[in-house]
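Notes follow once the structure below has been shown.
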Amino acid sequence: MPNNDQCDDADGWFDEKERLLLPDLDVLWKIATPEEWNEWRSSGILSLASVLDRKDGFMHLSNSHRVKKTADLYFKERGDLRLLKIETKKLTQNDTRSVVFADEAPSLDAITDGLIYVHYLLVQGKACCAHAYANFASHPLKYDDVVSEVHDLPWNERDGKHEFPASLLLG
């Protein structure tokens with residue numbers, strides 16, 4: 001399991017207290033169906049493409065500690081998925097937007113034009129799931145600016161689990 005020292009803090013993104021509480025929120029993962037991934041690539045916009053994201057009004061994400069559990073809980077036996085790496089720093093889109101981390105979901109009034117709210121859920125005292133709230137309609141996230149890597153996420157029938165790329169440091 002990655003430790004807090006793997007949190008990239010070279011430019012002061014997290015203060016010391018946040019580094020202890022928010023391990024691995026510098027990288028978030030989105031598991032995408034082929035339909036979602038194709039929509040994002042063709043439009044160039046990272047939108048609320050999944051049925052669940054649209055229903056809830058935010059983008060469901062996981063950090064490195066939780067992404068395997070998310071795949072197991074919500075995407076079991078799906079072999080056609082993509083795993084998208086989203087670096088939190090890139091959400092600022094060249095400092096044109098602000099990112100706020102919070103342990104409580106924002107009210108809709110708090111989501112102003114350029115603000116991105118990353119609401120994280122704590123499990124056993126550590127951040128794991130994250131929900132990205134933003135005004136996606138008026139301030140869309142550019143796919144190429146936000147997504148830094150895409151990996152296939154095949155299902156291994158024999159082992160009964162997804163095969164995550166060995167090169168990724170995931171919990």
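Numbers for the structure displayed
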quantity	calculated
Where Rh is the Kirkwood radius over Cα pairs, Rg/Rh for region 25-171	0.95
Pairs of lysines in region 26-118 (C-alpha under 22 Å apart; 8 or more residues apart or interchain)	13
Under the Karplus curve 6.51 cos²θ - 1.76 cosθ + 1.60, θ = phi - 60°, whole-Hz ³J(HN,Hα) for region 138-144, x wherever Gly or Pro sits	8, 9, x, 8, 6, 3, 5
Summed side-chain charge close to residue 34 - residues other than residue 34 whose Cβ falls under 12 Å, Lys, Arg +1, Asp, Glu -1	-2
Packing rank of 129-136, 114-121, where each peptide gets the mean count of other beta carbons within 10 Å, highest leading	129-136, 114-121
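Each reported figure results from applying straightforward, stated rules to the coordinates on display, with no laboratory input. On a predicted model such as this, the values are computed, not experimentally measured, just so you know. Quick reminder, even Gly has a Cβ in these numbers, built from the backbone with ideal geometry, and neighbours come from all protein chains shown.
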